[in-house]
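So the structure is just underneath, and the comments pick up after that.
Every number in this text was worked out from the coordinates using simple rules, so none of it is lab data. Note that the structure is predicted; figures quoted are calculated from it, not measured. Cβ: placed from backbone, ideal geometry, glycine included. Neighbour counts: every protein chain shown.
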């Protein structure tokens, strides 16, 4: 395959890759349009690559668009898995809506800044002054019910595979589970209901490269979000595992798009992946 990458580190273990700096991509239109795939572009490149140049993009355009901020993601989750999405209010940041949301939510509740990541921009709201402080720094109000949990799961999807995952125990501050915020990694079996939920979401939404954050309340899973670009500190040798899943997936998708029989790929030594399943 002829692959163009805009992220040299995330494609280090893939073969047939040529790296192009994202800021120089317009200079390389001919090579990029001739590529079988373009890999890991910046978000601001997506429209040009996907719509103007008709490139095959990995991760999928759906992964980019739905994963761009918590608002779009939560709205989609509430549309497809409402019972597995925490109760959430999203509203313009106006004085009227600030009061309405405050009156609606039971304390404590969680407030988030829509485009923050790595556990930043997430606040536990107990008091009115905390709500005011949050409202002063967010463009849009995002208030979510607080779940009685002390851990959650990070579940990794790559191509059509669940690569695995791990539990994240709360940090010493007693609220954040994110590893970047002091959360503790625990390697233990993932809850089957959480894995099933992630499989369902990945299939229905065409998410092919993501770390999903899922919590359990009893035996019932709740999805918070997914991250298109996720850290690998929770799983050893994740880079190699991702490459081993991504390269066959790209071959498989290319063969389907071009009508190339799968047996030709297999004869060339390429493993064609089955549809996504719950194997870990």
Rounded if a/c under 1.5, otherwise prolate or oblate - region 20-108, Cα gyration tensor axes: prolate
Equivalent ellipsoid semi-axes, region 87-145, via Cα gyration tensor eigenvalues times 5, rooted, Å: 15, 13, 11
The chain: antiparallel DSSP beta bridges as a percent of all, rounded to 5: 80
Contour excess over end-to-end distance, with Cα ends at residue 237 and residue 150 and 0.36 nm allotted per residue: 28.6 nm
Semi-axis lengths (Å, descending) of the ellipsoid that matches the C-alpha gyration tensor of region 1-58: 16, 12, 10
Full-extension gain in nm, residue 79 to residue 2, via 0.36 nm per residue minus C-alpha separation: 24.0 nm
Listed peptides 8-18, 155-165 by packing density, highest first (mean Cβ within 10 Å): 155-165, 8-18
Sequence of 166, 134 once ranked by neighbouring C-beta atoms within 10 Å, starting from the fewest: 166, 134
Cα→Cβ-extended label distance, 7 Å offset, between residue 187 and residue 217, nm: 3.2
Helix-only CD estimate at 222 nm, as mean residue ellipticity for the chain, using -39500 (n - 2.57) per DSSP H run (n ≥ 4): -8500 deg cm²/dmol
Contour minus Cα-Cα distance for residue 104 and residue 26 (0.36 nm per residue): 23.2 nm
Sorted largest first, extent of the chain alpha carbons per principal axis (Å): 62, 42, 31
Cβ-derived FRET efficiency at R0 25 Å, residue 94 paired with residue 128, nearest 0.05: 0.90
Length-normalised contact order of the chain in % [C-alpha pairs under 8 Å, at least 6 apart]: 17
FRET efficiency for residue 19 and residue 115, using Cβ-Cβ distance with R0 set to 30 Å, rounded to 0.05: 0.65
